[in-house]
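The values are calculated or read from the model by the stated rules, or taken from the named source; none is laboratory data. All of these numbers come straight from a predicted model, not from anything done at the bench. Note: ideal-geometry Cβ built from the backbone for every residue, glycine included; neighbour counts use all protein chains shown.
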Amino acid sequence: MLHQPIASIATRTTERICEVAWFSDLCGEDTEFISVRDPDRSTFAHCREIALAAERLGFSNLLLPTSYMIGQEVIPFAAGISQDLTKISLLTAIRCGEMHPPMLARTLASLDQMLEGRLTINIINSDLPGYREDADFRYQRCAETIQILKQAWTTDRIDHDGPVYGKISLATDPVKPYQQNGGPLLYFGGTSDGARDVCARYCDVFLMWPETEELLYANMQDVSERAARYGRQVDFGLRIHIIVRETEEEARAWSQHIMSKFDPVRGAALKNASQSSWSLGVQRQNELREGANADGFVEPLLWTDIGKARSGAGGALVGSADQIVEKINRYMDMGIRAFIFSGYPLIEEAEWFARLVLPRLPNSSLSRLQGRIPFKPETHELS
């Protein structure tokens, strides 16, 4: 039995829909077995195949992560595949501080033009690779970066004066994106007060990692209240892994299969190689796993063993198609409007999900619903 219903949180998107996204692991972690790397899955060609498969299968968005690890870097990868895609959006992860914000605005506007408006941005507030930075400094840098991006995309000039980037005064003629109503949507995840405040003040979608329904609800309530103090509303998203089969027994059998070669030492080394392995969000994922039963479940369908070898989202929904659909419907009733799923291995699990679950969901792009992508009627040649 699933838990009793939880009241819905007020969201920016009032329609009961869900943007269903998949994941192309540019960071070298696509594999069939947890803690076992597969170098052949870190190549541009393989990551491109994941993107093509996600579009073919009907996903509406695709998360492209960024990390200083073996694999592909996000902006050149997104540009490289942009002309191969015609329908799916790209949720492109951008770490604040890596590029001068006016040039970042121009780079992302160019990418949005290549994708004809199918660009969404995942704002990353982590330390720059090789550094351990003061948290307040990171939040300030992140806030100033977003301020400059928004000015660049929506006004005639960038007129900025802040403690991190100082005074910037530039015309924005070279910086206009394809999306004319505010530029690409900004997705943001974070556990600390500073991170949540940045999202509540500036961003469009607050992304969460797996937690129990009660904890997810508490997170959503907190960010919703913060946004309201700024006169805003945000949408909510969930980044989580998935194992779905015709029956719960088959799904659980696959969870055991992907853990069958797990090595604790190797798993810990892979997890600690990530730039975010020490973060508060990862600590919360570790605490979630500590409350699991002997099979790794913390509530019905929510399995946490993936977090033994993975920094970041450390939980998966595991169950039959009917169970997974019911669970996603519960999340939508809470107010979650965007889902970013993935599985081990990525292409094969995308096909399972697309066959058993995706046709049963109200899948839609948040960018289109919010009018970010200009309407472009289909044209048909006369025969």
**OP:** Give the residue, chosen from TYR202, TYR165, that is among the aromatic types (Phe, Trp, Tyr), over 25 Å from the mean Cα position of the chain (by Cα) and at pLDDT 95 or above.
**Re:** TYR165
**OP:** Filter region 168-198 down to residues that are under 20 Å from the mean Cα position of the chain (by Cα) and free of Cβ contacts under 8 Å to residues at least 40 places away in the same chain and give me whichever is nearest to LEU369 (Cα to Cα).
**Re:** ARG196
Subject >> Spans of strands (runs of 3 or more DSSP E) in region 136-222 with at least 3 residues farther than 30 Å from LYS327 by Cβ >> reply: 157-162, 166-171
**OP:** Grab the helices (runs of 4 or more DSSP H) fully contained in region 318-376, keeping just those with 2 or more residues being of a type in the set (D, E, K, R) and surrounded by fewer than 23 Cβ atoms within 10 Å (Cβ to Cβ).
**Re:** 321-334, 346-356
**OP:** Could you pull out the residue among TYR178, TYR139 that is hydroxyl-bearing (Ser, Thr, Tyr) and within 16 Å of GLY194 (Cα to Cα)?
**Re:** TYR139
**OP:** Given the conditions (1) modelled with pLDDT of 90 or more; (2) surrounded by 16 or more Cβ atoms within 10 Å (Cβ to Cβ); (3) of a type outside the set (Phe, Trp, Tyr), report the number of the one that ALA313 does not fulfil.
**Re:** (1)
**OP:** Test ASP40 against the stated conditions and say whether it is of a type in the set (Asp, Glu), in a helix (DSSP H, G or I), at pLDDT below 90 and under 30 Å from TYR131 (Cα atoms).
**Re:** yes
Original post:
List the pairs whose first member sits in region 363-383 and is under 27 Å from THR11 (Cα atoms), whose second member is at pLDDT below 85, and whose Cβ atoms are under 6 Å apart, counting only residues at least 6 apart or on separate chains?
Top reply: SER367/ILE373
Original post:
Is it true that ALA45 is under 29 Å from ALA195 (Cβ atoms) and either free of Cβ contacts under 8 Å to residues at least 40 places away in the same chain or part of a helix (DSSP H, G or I) (or both)?
Top reply: no
**OP:** Would you please list the contacts, defined by Cβ atoms under 6 Å and residues six or more apart or on different chains, that run from a residue in region 221-238 that is under 14 Å from THR14 (Cα atoms) to a residue that is modelled with pLDDT under 95 and assigned to a helix (DSSP H, G or I)?
**Re:** none
Subject >> Among the residues listed as ILE306, ILE336, ILE324, the single one being farther than 21 Å from ALA253 by Cα and aliphatic (A, V, I, L, M) >> reply: ILE336
Original post:
When residues of region 70-104 are filtered for being modelled with pLDDT under 95 and among the aliphatic types (A, V, I, L, M), how many remain?
Top reply: 1
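Here is a yes/no grid of residues against (1) in a loop (DSSP other than H, G, I, E, B); (2) buried (at least 21 other Cβ atoms within 10 Å of the Cβ); (3) of a type in the set (A, V, I, L, M, F, W, C):
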residue	(1), (2), (3)
SER8	yes, no, no
GLU15	yes, no, no
CYS27	yes, yes, yes
GLN72	yes, yes, no
PRO76	no, no, no
SER82	no, no, no
THR92	no, yes, no
MET99	yes, no, yes
MET103	no, no, yes
Original post:
Which of (1) closer than 12 Å to ALA105 by Cα; (2) touching a Leu at 6+ places or on another chain (Cβ under 9 Å); (3) basic (Lys, Arg) is the odd one out, the single condition ARG157 does not satisfy?
Top reply: (1)
Original post:
Picking from LEU62, LEU111, LEU115, which residue would you name as being free of Cβ contacts under 8 Å to residues at least 40 places away in the same chain, in contact with a helix residue (DSSP H, G or I) (Cβ under 7 Å, 6 or more places away or on another chain), surrounded by 19 or more Cβ atoms within 10 Å (Cβ to Cβ) and among the aliphatic types (A, V, I, L, M)?
Top reply: LEU111
Subject >> Filter result (touching a Pro at 6+ places or on another chain (Cβ under 9 Å) and in contact (Cβ under 8 Å) with a residue 40 or more places away in the chain) within region 125-140 >> reply: none
Original post:
Taking into account only those residues within region 137-170 that are more than 17 Å from GLY189 (Cα to Cα) and β-branched (Val, Ile, Thr), which is surrounded by the most Cβ atoms within 10 Å (Cβ to Cβ)?
Top reply: ILE148
**OP:** Determine whether region 23-36 contains at least one residue that is within 24 Å of ARG330 (Cα to Cα) and not aliphatic (A, V, I, L, M).
**Re:** yes
Original post:
For region 253-270, which residues satisfy the criterion of being part of a helix (DSSP H, G or I), under 14 Å from ASP38 (Cα atoms) and either small (Gly, Ala, Ser) or more than 27 Å from the chain's Cα centre (by Cα) (or both)?
Top reply: GLY267
Subject >> Single unsatisfied condition, SER67 versus (1) farther than 16 Å from ALA338 by Cβ; (2) modelled with pLDDT under 95; (3) in contact with a helix residue (DSSP H, G or I) (Cβ under 8 Å, 6 or more places away or on another chain) >> reply: (3)
